[in-house]
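The values are calculated or read from the model by the stated rules, or taken from the named source; none is laboratory data. Everything numeric here is computed off the predicted structure, so don't read it as measured data. Note: ideal-geometry Cβ built from the backbone for every residue, glycine included; neighbour counts use all protein chains shown. Just so you know, the surface numbers come from the protein's heavy atoms only, side chains and all, with ligands and any DNA or RNA stripped out. Shrake-Rupley method; radii C 1.70, N 1.55, O 1.52, S 1.80 Å.
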Amino acid sequence: MDTHRLEMVDQSFIEDYEDIDANWAKDGSTYFCLKVKGESMMPKFENGDVLILRQQPDCNSGDFCAVSINCTECTFKKVIKHDNGITLQPLNPAYEPMFFSNKEIEDKPITILGVVREIRRGLW
């Protein structure tokens, strides 16, 4: 596990643990959970949903990802890749997308923490 990428996680924020299919980890992958807060990703992802994410430093364009911004905040958005940067796209049209140039991705930095593998609704 790359502890550098996860060192921004304050252990006091851990609310619970989730079981995952044992087959997922057979390839050595690491998984973590996030609880959706807010409405920026509605209607697909609702406030309170629990997301199981595969920890990985990159994604495909169109993936739903946890993303670190400047190692100080984490957001959950659809990642759209462009030649000149990335857009973190909310699904709810009431929220504005965030665009980061390739230079900003390096300088801030903007880091992909993980990609959604499963949504668990109504568990918390």
*Value of [θ]222 nm, deg cm²/dmol, for the chain, DSSP H segments ≥ 4, -39500 (n - 2.57) each, nearest 500*: -1500 deg cm²/dmol
_I'd like the carbon and sulfur percentage of the solvent accessible area for the chain, probe radius 1.4 Å, heavy atoms only, ligands and nucleic acids excluded._
48 percent
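As a test of reading the structure, rank Cys59, Cys71 by solvent-accessible area (1.4 Å probe, protein chains only), most first.
Working: Cys59 10, Cys71 70 Å².
Of Cys59, Cys71, the descending order of accessible area is Cys71, Cys59.
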*Radius of gyration and maximum dimension Dmax of segment 20-118, Cα, Å*: 13.6, 40
*What nm value, rounded to one decimal, do you get for the distance between Ala25 and Cys74 when each label is placed 7 Å out toward the C-beta?*
1.8 nm
*What order do Cys33, Cys65 take when sorted by accessible area (1.4 Å probe), most exposed first?*
Cys33, Cys65
*trypsin sites (Lys or Arg not before Pro), restricted to segment 71-124: which are DSSP loop and have at most 14 other Cβ atoms within 10 Å?*
Arg121
